[in-house]
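Engineer: A single structure is presented below for examination.
The values are calculated or read from the model by the stated rules, or taken from the named source; none is laboratory data. Note that the coordinates shown come from a computational prediction; the quantities given were computed from them, not determined experimentally. Positions of Cβ are backbone-derived with ideal geometry, glycine not excepted, and every protein chain shown enters the neighbour counts. SASA here: full protein model, heavy atoms, side chains in, ligands and nucleic acids out. Shrake-Rupley method; radii C 1.70, N 1.55, O 1.52, S 1.80 Å.
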Amino acid sequence: MHPAEDFFSLFSLPRSFAVDKSALTANFRALQAASHPDKVAAGDEAAKLAAVQRSSLLNDAFATLKSPLARAGYLLRLAGIDVEAVSQSDLDPAVLFEQMQLRESVAEAPAGEEGLAPLAALKQEIGARIEVREAAFVAALDAEEFSAAKRVFHELQFLYKLFQEIEASEEQRLGY
């Protein structure tokens with residue numbers, strides 16, 4: 001990948017939080033087919049290594065752009081924001097309190113299949129909160145208010161993690 005090329009340009013997509021997932025998938029498949037390591041199996045070691053590296057890059061780029069949370073973090077990194085460094089100013093105490101309350105609600109769900117309905121309701125509520133936070137992230141990013149966008153990104157991390165924990169709890173209750 002050329003240094004000026006990012007994951008969005010790699011797949012011929014505009015640099016935006018909103019991604020056309022069908023175009024992303026189609027472009028990924030076309031690029032992966034065109035540069036698959038099997039195409040250079042008879043080539044020299046340098047060509048094989050380049051094909052494996054290109055395939056790995058395409059896989060990483062696709063996974064990043066496919067995931068809303070990973071895409072948000074990537075957009076911040078492209079703007080020069082270190083998303084790994086977290087300070088107190090990045091975490092709103094009200095959001096942390098909200099997370100504690102949501103986690104308690106998950107923990108208080110009845111065991112077994114009785115807990116499925118409350119968990120489904122919580123999952124729906126968290127999904128709605130994710131949508132609101134994603135809209136806030138886009139607004140902050142578009143306004144180039146990167147510290148606000150980073151703060152919302154960290155809120156999204158909490159919400160997505162909780163959403164996944166609820167899904168895992170549901171699967172456990174269903175015996176998956």
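Engineer: Inside region 49-74, can you point out the residues that are without any contact (Cβ under 8 Å) to a residue 40 or more places away in the chain and open to solvent by less than 30 Å² (accessible area, probe 1.4 Å)?
Structural biologist: Listed by number, the residues that qualify are 51, 55.
Engineer: Within region 84-94, is there a residue that is among the hydrophobic types (A, V, I, L, M, F, W, C), farther than 20 Å from residue 24 by Cβ, within 18 Å of the chain's Cα centre (by Cα) and not in a helix (DSSP H, G or I)?
Structural biologist: Scanning region 84-94 turns up at least one residue that is among the hydrophobic types (A, V, I, L, M, F, W, C), farther than 20 Å from residue 24 by Cβ, within 18 Å of the chain's Cα centre (by Cα) and not in a helix (DSSP H, G or I).
Engineer: Another question, if that's okay. State yes or no: is residue 46 open to solvent by 50 Å² or more (accessible area, probe 1.4 Å), over 26 Å from residue 135 (Cα atoms) and not aromatic (Phe, Trp, Tyr)? Full working, then the answer.
Structural biologist: Working: open to solvent by 50 Å² or more (accessible area, probe 1.4 Å): yes; over 26 Å from residue 135 (Cα atoms): yes; not aromatic (Phe, Trp, Tyr): yes.
Yes, satisfied.
Engineer: Being touching an Asp or Glu at 6+ places or on another chain (Cβ under 8 Å) and either free of Cβ contacts under 8 Å to residues at least 60 places away in the same chain or among the charged types (D, E, K, R) (or both) is the filter here; which residues of region 75-102 pass it?
Structural biologist: 92, the sole residue that qualifies.
Engineer: In the set 116, 162, which member is surrounded by 12 or more Cβ atoms within 10 Å (Cβ to Cβ), touching a helix residue (DSSP H, G or I) at 6+ places or on another chain (Cβ under 7 Å) and within 22 Å of residue 17 (Cβ to Cβ)?
Structural biologist: None of the other options fit; the residue is 162.
Engineer: Give the residues of region 19-62 that are in a helix (DSSP H, G or I) and either more than 25 Å from the chain's Cα centre (by Cα) or at positive phi (or both), sorted by residue number. Steps first, please.
Structural biologist: Start the filter on region 19-62 by keeping residues that are in a helix (DSSP H, G or I), which leaves 21-34, 37-40, 45-62.
Passing the criteria: 34, 37, 38, 39, 40, 45, 46, 47, 48, 49, 50, 51.
Engineer: Now, a different point. How many residues are open to solvent by 70 Å² or more (accessible area, probe 1.4 Å) and at pLDDT 95 or above if we restrict to region 126-151?
Structural biologist: Result for region 126-151: 5.
Engineer: Determine whether region 102-112 contains at least one residue that is open to solvent by 60 Å² or more (accessible area, probe 1.4 Å), among the basic types (Lys, Arg) and assigned to a helix (DSSP H, G or I). Can you show your working first?
Structural biologist: Within region 102-112, the subset open to solvent by 60 Å² or more (accessible area, probe 1.4 Å) is 103-104, 107-108, 111.
Of the ones still in play, those that are also among the basic types (Lys, Arg) are 103.
Filter once more, keeping what is assigned to a helix (DSSP H, G or I): 103.
Within region 102-112, one or more residues are open to solvent by 60 Å² or more (accessible area, probe 1.4 Å), among the basic types (Lys, Arg) and assigned to a helix (DSSP H, G or I).
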